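Structure first, commentary second.
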Amino acid sequence: MSGDRVSASVFVEAPPDIAFEVFAEQIDRWWRHGLKFRDGERGLSVLHLEPKLGGRLFETIAAPDSDATHVVQTGTVTEWNPPHALQIEWRGGNFAPHEKTTVSVAFEPRRDGTQVTLVHAGWASLPPDHPVRHGQPVPRFIASMGLWWSDLMTSLRMIVDEERQAPWLRVARGELGVRSFPGGSSNPRVTGYHAGTNIAGYDDKANWCSSFVQWTLARVGIAGTGSALARSWLAWGVALDEPRVGCIAVLWRDDKHSWKGHVGFFLRFDGETVVLLGGNQLEAVREHGYPRTQVLAWRWPA
C-alpha cells in the first residue's frame, strides 16, 4: 500500500458472473451495517448500486418513527463490464465538489472460483489535513482503509458462499415483479409455475406460492413435492433447527391447525419478522415479511 491507494482481495468459490452479480446487485446484503460503514443505522439504511454505466451508488436512509427518507450518494459508475470489472468514482460525504477517488473492482476466474480484487486509489490528491483522514498520518490512514475494505471483502465472500449453496435464489430473484393479472385475464407466467404441480393448467387466480417454489427448484434440477399445497413442503427434504439463507419456510395461514399455509424462501430476520422471497406474496413475486410465530418448519433439500 502506498499513500495513494488501498488494495483488498478475496477468493470466492463461485464463477465470475455470480461474484459480480452479488457485488453489484446485492450490495446491501454484503455491505456491513453500523456507522463505521454507513451513514444510517441498521434497519434504517438501504444501499443501492444502479447496474449500469453512470449508475449511482447511494444509500437511502429512513428517519426513525417516520416515513421520511433522505439519500446520500457516494459514487457514480464510470466503468460497467460484467462480469469482469466495474469502476466507481467515489466521493465521501466530506469531499469538496472537485475532490474524488476511484474504486476499481476486477473479477478474475480462478480454478473453482473467482479472485475479486478491489483497488481504491486517488488518496494522494487529498490534502494531509483532509477531514476524511481523521487526523491520522498517511501510513496509518492507508492501513486503516485497507482493513476497512478487507472487512467488507470478507463479508462479500460469505454472501457469495450463501448464494452458491442456494443457487435457486438467483432463479427466484430473476422472477421479481411477476404478478397476478386483474380479473378477467391471467398471467401465463404464473400458469407456467403451476405446470409442475397437481394443478397444471390452472390460472393465476389459484394460490401459486407452492407452484412458484416447485418451479424455481426445478430450474436447478431439484425435485419438489409436485403439490400446490404449501403444507406439502412440511414433509420435503430435511428439517432445520435454525434457518439458512435460501431454505424453505413453511407458514400457517388463517389457522395453525388448518390445511392452509404459505411457503417461500427465507432471506433474513427483521426483528420478529421473517422476510421471504416468494410467489403470490401480495399477488406477486417479491420480498415480504411475516410474523416469525407463523413459521411451522424450515426445510432444506435432502
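Just so you know, all these numbers are worked out from the coordinates, no wet-lab data involved. Owing to the predicted nature of the structure, the values given are computational and were not obtained by experimental measurement. Cβ: placed from backbone, ideal geometry, glycine included. Neighbour counts: every protein chain shown.
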| said: If I take every Cα pair under 8 Å that is 6 or more residues apart in region 168-300, average their sequence separation and divide by the length, what percent do I get for the relative contact order? | reply: 25
| message | Quick check: the distance between the Cα centres of region 171-226 and region 48-73, to the nearest angstrom? | response | 32
| note | For the residue 219, residue 155 Cβ pair and Förster radius 22 Å, calculated FRET efficiency rounded to 0.05 is 0.20
| request: Amide H neighbours of residue 195 under 5 Å, at least 5 residues apart or on other chains, H built in the peptide plane: list them. | output: 201
| note | Any GluC sites (Glu not before Pro) in region 263-302 that lie in a DSSP loop and have at most 12 other Cβ atoms within 10 Å would be 272
| request: Describe numerically, in nm with one decimal, the distance between label points set 7 Å from Cα along Cα→Cβ at residue 185 and at residue 136. | output: 5.6
| note | Which of (1) 42, 20, 18; (2) 39, 24, 19; (3) 65, 34, 17 gives semi-axes √(5λ) of the Cα gyration tensor in Å as computed here? It is (1)
| task | Return the calculated 222 nm mean residue ellipticity for the chain, to the nearest 500 deg cm²/dmol, obtained by summing -39500 (n - 2.57) across DSSP H runs with n ≥ 4 and dividing by the residue count. | result | -6500 deg cm²/dmol
| task | Quick one: what are the phi-derived ³J(HN,Hα) couplings along region 187-201, Karplus 6.51/-1.76/1.60 with θ = phi - 60°, whole Hz, x for glycine and proline? | result | 7, x, 5, 5, 4, x, 4, 5, 4, x, 10, 7, 10, 3, x
| task | For the chain, find the longest principal axis of its Cα atoms and tell me its angle to the long axis of helix 209-219, 0 to 90°, nearest 10. | result | 60
| So what's the angle, to the nearest 10 degrees on a 0 to 90 scale, between helix 138-165 and the longest Cα principal axis of the chain? | 20
| note | Diffing region 89-99: the Karplus 3J(HN,Hα) column from phi (6.51, -1.76, 1.60, θ = phi - 60°), in whole Hz with x for Gly and Pro, holds 7, 10, 10, x, x, 9, 7, 6, x, 8, 8
| field | residue 255 versus residue 143: modelled label distance in nm, points set 7 Å from Cα along the beta carbon direction | value | 6.7
| message | With θ taken as phi - 60° and the coefficients 6.51, -1.76 and 1.60, list the Karplus ³J(HN,Hα) couplings across region 15-28 in order, rounded to whole Hz; mark glycine and proline as x. | response | x, x, 5, 6, 4, 5, 4, 5, 4, 8, 9, 10, 4, 5
| field | residue 60-residue 293 pseudo-label distance in nm [points 7 Å out on the Cα-to-Cβ vector] | value | 3.0
| With at most 15 other Cβ atoms within 10 Å, longest stretch of the chain clear of loop trypsin sites (Lys or Arg not before Pro) (DSSP) | 112-204
| task | Quick one: compute the contact order of the chain, relative version, from alpha carbon pairs under 8 angstrom and 6+ residues apart, as a percent. | result | 15
